[in-house]
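Just below is one structure, and these are the notes that go with it.
The values are calculated or read from the model by the stated rules, or taken from the named source; none is laboratory data. None of the values given here were measured: they were computed from a predicted structure. Cβ placement follows ideal geometry from the backbone for every residue including glycine, while neighbour counts extend to all protein chains displayed. Remember, those area values only see protein heavy atoms, side chains included, never the ligands or the DNA or RNA. Shrake-Rupley method; radii C 1.70, N 1.55, O 1.52, S 1.80 Å.
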Amino acid sequence: EIHIKEPLEKEVNPRLLPGELLLCEASTVYKYVQEDGSNRGTYGKLVCTNLKISFLDDDSASDDNEPQFKNKIVGENDITLQCVDQIYGVYDEKKKLLTGQLRKYPEKLIIYCKDLRVFNFCLRYTKEEEVKRIVSGIVHHSQTPKLLKRLFLFSYASAAPNNTDGRNQTVMFETLEDWRDELERTKGNVKYKAVTTNEGYRVSEKLPLYFVVPICISEESILKYEGRGIPIWCWSCHNGAALLKMSAFPKEQDDSTSQMQKAFLDGIYKTISKPPYELLKMDDLSTSLPSLQDIQTAYTRFKQLFLIDNSTDFWATDVKWFSLLESTNWLEIIRRVLKKAIEVAECLEIQHTNVLLIEESATDLCCVISSLVQVMMDSYSRTKSGFQSLIQKEWVIGGHAFLDRCNHLHKSEKEEAPVFLLLLNCVWQLVQQYPPAFEFTETYLTVLSDSLYVPIFSTFFFNSQHQRDTNKSGESLKTQSGPFRFLTVWDWSVQFDPKALAFLNNPLYAEKPKPDRSQRKTARFKHQRQLSLPLTQAKPSTKRGFFREETDHLIKNILGKRIGKFINSSDEPPNSLREFYDSWHSKPVDYHGLLLPRIDGPEIKVWAQRYLRWIPEAQLHGGGTIATAAKILDLMEEVQSLQVKMDEEHSQAVSGDIHSVPMLRNSARLSSLFPFALLQRQSVKPALPTSTWKDLEDEDDLVKRDDEFVDLTGDML
């Protein structure tokens, strides 16, 4: 049975941003909503612009049913060209990957997105000429290599008025003063200095204009090998120990060159390692952590578990969920990265030892570990502005090759690796283990990961500060020559209105207490370790049935009951590290002090909101953290309203926005994956063979089993 909405009677045109051009379109396209394997869906128009692929139906024409959490740039049925992962065509019920020139055009189009959405379009009812235009247009504009200046980033920057507010508290680290302020904030200015040696990029195009090095490093040393072999400062601990990173020399060198470089490094090490006063530990991340290729392979396998077309596929993989998940190795990589960050934290905090992270370019895993260590050790990095400043410092200005690692230009898949996503996954583990320690929410991390593919912000679309600066100049559409004025992703008002922005802030964030009350406040916090999941399998219920079994699988799925591995004897950390880890976890948590993630097997979990948000079967209706968040936001709104009334009574009305907190009255109807999965996306029963349904219907206690399903969900929450 096919449920069809009537084709559009009135013309629906796409909402185009400044600089956005309509490239091709096709009418009478049928978009499937394959939640239960049926052919339900809606007719509409499929369009491709120089920014995105868009499906426009009659709902697109009205603003009546807009979601509370609406992105102003990318709508529910929009896919930016950079967000397209793979495109498949269906020919006679067989899927085929679409690339390059097409000889034959498909009857169905399936688009897999990097944010894990899956779109199914039927082209049977579309005119043949329009099918050719739209399919070849989508494949060409989203899959073929392109020049940097062809990115929509430049079209938008030259056409859009730059009227964003300048109240962004994020430190951009583009000036010498920013680096000096950071040195002063961390008390690192005693042993380290900000240098201007790279002004004009005369040292290296890969290094930022300004950076920080040990005071005793000379300008000649920095210039000698284009910045290689120079320890670059990341952060200073409260006890004076510092975290440093260094770009290594190439390993394939002739003997004489190697000897010279070794002598140079020995001289550098002596300046920063002065036992017993100044100790130095070197850590080559290329040998102690997985390679970028391993990370890419693991993530490619991992994301396949979530790119699900229909309900049948979901339930088919549910039975072997744990073995599939473990075989990807993605959660094990997250665990290894967190463990490495704990090792570094132990050196800095307990041993008072400087740590030098070494990597070929010092712009990939160095960024991950240095950022994680700062999130764990510096409470400022757990505020929203502090975390954003950290990303600017270590990643954007630090020279992480976003353009290559995200493969935005489709030039080389060999360079692609989800390094930044790896960091966000690791930070999410900390956020879900210690919610009150973070000013931002998991929703913030999710929209930050989505912003990687929105090409109106320059933040994630260059390989280095040099590349960004050299591509700033250009002709605007108004025939006025001048530099492009790129937007930064940190101005969230560009993507969200104030109501939606409230979801990015954690209402339960533990504000830093005043010094005189710190003792009492800290004592109130209780450790949550007793709420951790057991490693052993739960005892099976005496009363089982289809719904109970399937729900058990789903609970394990979402909660990650036996995800990953325990630290076994072969991978046992050194005694001092294990003592440090166990000792810290035996004490109450200071949410403004050092935070150590729990890394034993079941503690490393799947980031459910990001990876399961488009799968209706994985949602708990009226449950999850959103049920709690909804009540808290309601209370906050009530308190704000009362405050305004009190101020009015005292004739001191405050011109504040009372409605800055979203209204979530019907929290019982919300999904656990709100705000991304909306109310209308109802979960359905899995598609089973007819005989199975018949067997179930013949049993008298089916209604009781339905009740069991509800009770189980309630117990889980």
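See the values below:
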quantity: Filter result (at pLDDT 95 or above and touching a Lys or Arg at 6+ places or on another chain (Cβ under 8 Å)) within region 453-482; calculated: 453, 458, 462, 464, 466
quantity: Qualifying residues in region 332-348 (those that are touching a helix residue (DSSP H, G or I) at 6+ places or on another chain (Cβ under 7 Å) and open to solvent by 10 Å² or more (accessible area, probe 1.4 Å)) - the one farthest from residue 227 (Cα to Cα); calculated: 346
quantity: Hey, residue 146 surrounded by fewer than 18 Cβ atoms within 10 Å (Cβ to Cβ) and part of a loop (DSSP other than H, G, I, E, B) or not; calculated: yes
quantity: Qualifying residue in region 304-319 (condition: in a helix (DSSP H, G or I) and under 27 Å from residue 396 (Cβ atoms)); calculated: no
quantity: Neighbours by Cβ (under 7 Å, 6+ apart or cross-chain): first from region 573-601, within 23 Å of residue 332 (Cβ to Cβ); second of a type in the set (Gly, Ala, Ser) and assigned to a loop (DSSP other than H, G, I, E, B); calculated: 598/532; 601/564
quantity: Residue in region 24-36 that is modelled with the lowest pLDDT, counting only those that are crowded, with 17+ Cβ neighbours inside 10 Å and not charged (D, E, K, R); calculated: 34
quantity: Residue in region 289-298 that is open to solvent by 40 Å² or more (accessible area, probe 1.4 Å), at positive phi and assigned to a loop (DSSP other than H, G, I, E, B) present; calculated: no
quantity: Residue count, region 202-215 (criterion: open to solvent by 40 Å² or more (accessible area, probe 1.4 Å) and more than 30 Å from the chain's Cα centre (by Cα)); calculated: 2
quantity: Failed criterion for residue 342 (all others in (1) part of a helix (DSSP H, G or I); (2) over 24 Å from residue 584 (Cβ atoms) hold); calculated: (2)
quantity: Strands (runs of 3 or more DSSP E) contained entirely in region 205-264, each with at least 2 residues that are free of Cβ contacts under 8 Å to residues at least 60 places away in the same chain and of a type outside the set (Asp, Glu); calculated: 211-214, 232-236
quantity: Residue among 385, 473 that is of a type in the set (Gly, Ala, Ser), touching a Phe, Trp or Tyr at 6+ places or on another chain (Cβ under 9 Å) and within 22 Å of residue 491 (Cβ to Cβ); calculated: 385
quantity: Region 3-23, residues that are modelled with pLDDT of 60 or more, more than 16 Å from residue 77 (Cβ to Cβ) and of a type in the set (A, V, I, L, M); calculated: 21, 23
quantity: Residue 192 among the aromatic types (Phe, Trp, Tyr) and buried (at least 17 other Cβ atoms within 10 Å of the Cβ); calculated: yes
quantity: Any chance residue 232 is in contact with a Lys or Arg (Cβ under 7 Å, 6 or more places away or on another chain) and surrounded by fewer than 17 Cβ atoms within 10 Å (Cβ to Cβ); calculated: no
quantity: Some residue of region 270-282 being under 31 Å from the mean Cα position of the chain (by Cα) and open to solvent by 60 Å² or more (accessible area, probe 1.4 Å); calculated: yes
quantity: Given (1) free of Cβ contacts under 8 Å to residues at least 40 places away in the same chain; (2) farther than 24 Å from residue 416 by Cα, number of the condition residue 156 does not satisfy; calculated: (1)
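Yes/no matrix, rows are residues, columns are (1) surrounded by fewer than 19 Cβ atoms within 10 Å (Cβ to Cβ); (2) more than 20 Å from the chain's Cα centre (by Cα); (3) on the phi > 0 side of the Ramachandran plot; (4) not in a helix (DSSP H, G or I):
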site	(1), (2), (3), (4)
577	yes, yes, no, no
582	yes, yes, no, no
590	yes, yes, no, yes
630	no, yes, no, no
638	yes, yes, no, no
643	yes, yes, no, no
